[in-house]
Amino acid sequence: MRWSYILPRFIFLALIWVFFFFAFDPILKWSLRKGIEKAAGARVEIAGVKTSFLHPSFDMTGVTIGNAKEEYSNLVEFSEVKFNIAGAPLLEKKFVINEASLSGLKFGTPRKTSAKLLLAKKEETPQFVKDLKKESGDMAADRMGDIKTGAAKDLTVSADSLSSVKVYGELQKKYEEQFAALKEKADFKPYQARMDEIKKKYEEARAEKNPLKQVKSYAALQKDVKKLTDDFQKDRKLIEETAAGLKEGVKAAEEARKNDIDALMGKMKMPALDTKSLAGMLAGPAIADKTQTAFKWLAMARKYMPDNSQKQILKADAKRGRVVHFPKLNAYPSFLIKRMAVSGELGLDAPLDYSGSIEGITTQPQIYGKPLTASIKGAKGNRALDFKALLDNTGTSMKGDLSLKYSGMAVTGLTLGKPGSFGASVTGGTGAFNGNLALAGENIKGEALFNIAGAKVAPDTESIKFAPLKTAVMNSMSGLSSVSIGVKIAGTLKAPILALTTDLADKLSGAFKNAFGAELEKAKAEAQAKVDAALKPYKAKLDALTSSKQQELKDKLDAGQKSLSGSGEGLLKNLKDQAAPGKIKLPKFKF
């Protein structure tokens, strides 16, 4: 026996076994913790990680992920995640998991130690959150006690200070460029060239001695004339519709004009009292942080979702070569969890047990050929939870639908409004949430409604110094036992657009109008007149531009229409005169 040959190899294999038995799990645990901390921006704890290579498996226990915004709170925690890895696909360096489980999943649990990371990069506040908080800040209560009649007379409005002037300038530049492109598209030269070619073919057909060939040529010319006419009419319709659609840009200018009026009223210490502004003031602070957290995780999930097949092909084409995958029977994605069972608790005071499953988690949905689906439900007494999700990335673009219904939740306390302004506190009662979100690529669209019934609504009016307003606000909320908050979502995951509504805003709007009466309307009329006077030359210039360009386009298209009609009708008349009786039947065309 050659011990000099066997012994070194035995020692090498033993060292590999020792490494994986004693060192691999701690290294993997450290790597997982650091990776999750980087994504969450907060401290993460993992109680244990255990792997097995003889029967490939993974087991991670006691995971808590801190909340970067609340130092002594966890964003999420779970007791255990475990799974076994299929052996055959592993030989192809593919991780396929038939069954996995995630248990003890909870949200918003308290923690004893700080979740802050010393060197963590400060998370930038998204623009939509800044906008929500700004709307609430614009309604400071100290502005309510200094309403001045005729305050607009003391103010001068400079055109340079108006955002609507900037919008009109941008629209003018945009319109000039787009009308130039439409004018080029309306050029009749390409149609004239085609008509000249048809006339040339007509002369050749006239010179043809063979009657059968001549008949065939005349019939082809008839189709060519019809095709040319149809193409011109289609292009004309498209040009006219595009030109008419440019007027939609004026809506942005009108919105900027309203903002300028509100800003001027702010300088007069006149608050905007429309329901949109009041809803933003009341619900904005309560919604802002929650939506920021939700969209942060949605955007992160979208970031790590695999690109669709079309993007992958474009990406491959950008290189010098292109990788072509030839699928085989029973082909596996690089990573796949066919089914993951999920269970946990929702709520802290009286937890609601829930369970469900997530199916089709994969890095290559095109190969797997099935969408990701999730269904989680829970029920206890009058409480019920129902979450459903479908994310389909098997085609050329990702599509998804998410819905969440949660009814019967206890409302211990909800504060609407902002300190230093005014608002209301909602205590007791039962809440019901119903929301849905649709994704199409990077675009999102959805809405959510949160209703609270059987609650006590107490107005917070301590910061209101204007006595009539204070009384009106208190009267508007007296006796209320229900509150409704709605959110409409549009835009993209990275830049969502939120519109808030609440029934309290309608009641407060009436209270403000009762308190201020005609003074507010008069101030608003004065502010509007000043803004319109400063804006008038810019609006007139844009109106003149669009009118002249529209007329210029119409004249150009009419000239082309006239030229085409004359040439086409003349050519068809010649074809009819040249055709032998009974051989060619030429229909009439309208130009």
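The values are calculated or read from the model by the stated rules, or taken from the named source; none is laboratory data. Because the structure is a prediction, the values reported are computed rather than measured. No Cβ is skipped: glycine too gets one built from the backbone with ideal geometry, and neighbour counts run over all protein chains shown.
Each residue in segment 31-65 was checked for being out of contact with any strand residue (DSSP E or B) (no Cβ under 6 Å at 6 or more places or on another chain), modelled with pLDDT of 85 or more and either under 19 Å from Lys112 (Cβ atoms) or buried (at least 18 other Cβ atoms within 10 Å of the Cβ) (or both), and 0 of them qualify.
Residue pairs whose Cβ atoms lie under 8 Å apart, sitting 6 or more positions apart in sequence or on different chains, and linking a residue in segment 504-515 that is in contact (Cβ under 8 Å) with a residue 60 or more places away in the chain and more than 18 Å from Ala283 (Cα to Cα) to a partner that is part of a helix (DSSP H, G or I) and not aromatic (Phe, Trp, Tyr), are Lys513/Leu520.
Report yes if Ile361 is assigned to a strand (DSSP E or B), at pLDDT 70 or above, under 30 Å from Thr430 (Cα atoms) and in contact with a strand residue (DSSP E or B) (Cβ under 7 Å, 6 or more places away or on another chain), otherwise no.
Working: assigned to a strand (DSSP E or B): yes; at pLDDT 70 or above: yes; under 30 Å from Thr430 (Cα atoms): no; in contact with a strand residue (DSSP E or B) (Cβ under 7 Å, 6 or more places away or on another chain): yes.
No; evaluated as a whole, the condition is false for this residue.
Annotation note: of Ala511, Ala544, Ala525, the sole residue that is crowded, with 20+ Cβ neighbours inside 10 Å, modelled with pLDDT of 75 or more, farther than 30 Å from Ala294 by Cβ and among the hydrophobic types (A, V, I, L, M, F, W, C) is Ala511. Taken over segment 66-85, the criterion of being surrounded by fewer than 18 Cβ atoms within 10 Å (Cβ to Cβ) and over 22 Å from Lys112 (Cβ atoms) is satisfied by Lys82, Asn84.
Among the residues in segment 561-577, are any in contact with a Leu (Cβ under 7 Å, 6 or more places away or on another chain) and modelled with pLDDT of 70 or more? No: zero hits. Quick check: is even one residue across segment 152-172 at pLDDT below 75, within 30 Å of Gly344 (Cβ to Cβ), buried (at least 18 other Cβ atoms within 10 Å of the Cβ) and of a type outside the set (Lys, Arg)? So far as segment 152-172 goes, no, none of its residues is at pLDDT below 75, within 30 Å of Gly344 (Cβ to Cβ), buried (at least 18 other Cβ atoms within 10 Å of the Cβ) and of a type outside the set (Lys, Arg). In segment 228-255, the residues that are over 24 Å from Ser563 (Cα atoms) and acidic (Asp, Glu) never reach a residue that is at pLDDT below 75 and in a helix (DSSP H, G or I) with C-beta atoms less than 6 angstrom apart, at least six apart or across chains. Among the residues making up segment 370-427, a single one is aromatic (Phe, Trp, Tyr) and in a loop (DSSP other than H, G, I, E, B): Phe422. Of all the numbered requirements in (1) among the small types (Gly, Ala, Ser); (2) in contact with a Leu (Cβ under 7 Å, 6 or more places away or on another chain); (3) farther than 30 Å from Ala472 by Cβ, Ser357 misses one, and that requirement is (2).
I'd like to know if segment 68-85 contains one or more residues that are under 18 Å from Ile361 (Cβ atoms), in contact (Cβ under 8 Å) with a residue 40 or more places away in the chain and not acidic (Asp, Glu). Within segment 68-85, one or more residues are under 18 Å from Ile361 (Cβ atoms), in contact (Cβ under 8 Å) with a residue 40 or more places away in the chain and not acidic (Asp, Glu). For segment 186-240, name all the residues that are surrounded by 18 or more Cβ atoms within 10 Å (Cβ to Cβ) and outside any helix (DSSP H, G or I). Within segment 186-240, Ala186 is the sole residue that qualifies.
Give the residue that is surrounded by the most Cβ atoms within 10 Å (Cβ to Cβ), with candidates limited to residues of segment 456-508 that are hydroxyl-bearing (Ser, Thr, Tyr) and more than 20 Å from Lys290 (Cα to Cα). Reasoning before the result, please.
Kept after step one, since they are hydroxyl-bearing (Ser, Thr, Tyr), are these residues of segment 456-508: 461, 463, 471, 476, 478, 481-482, 484, 492, 501-502.
Subsequent filtering for residues that are more than 20 Å from Lys290 (Cα to Cα) retains 461, 463, 471, 476, 478, 481-482.
Numbers: Thr461: 18, Ser463: 18, Thr471: 15, Ser476: 20, Ser478: 10, Ser481: 13, Ser482: 13.
That would be Ser476.
Of the numbered criteria (1) in contact (Cβ under 8 Å) with a residue 40 or more places away in the chain; (2) under 20 Å from Leu500 (Cα atoms); (3) surrounded by 18 or more Cβ atoms within 10 Å (Cβ to Cβ), the one Phe450 fails is (1).
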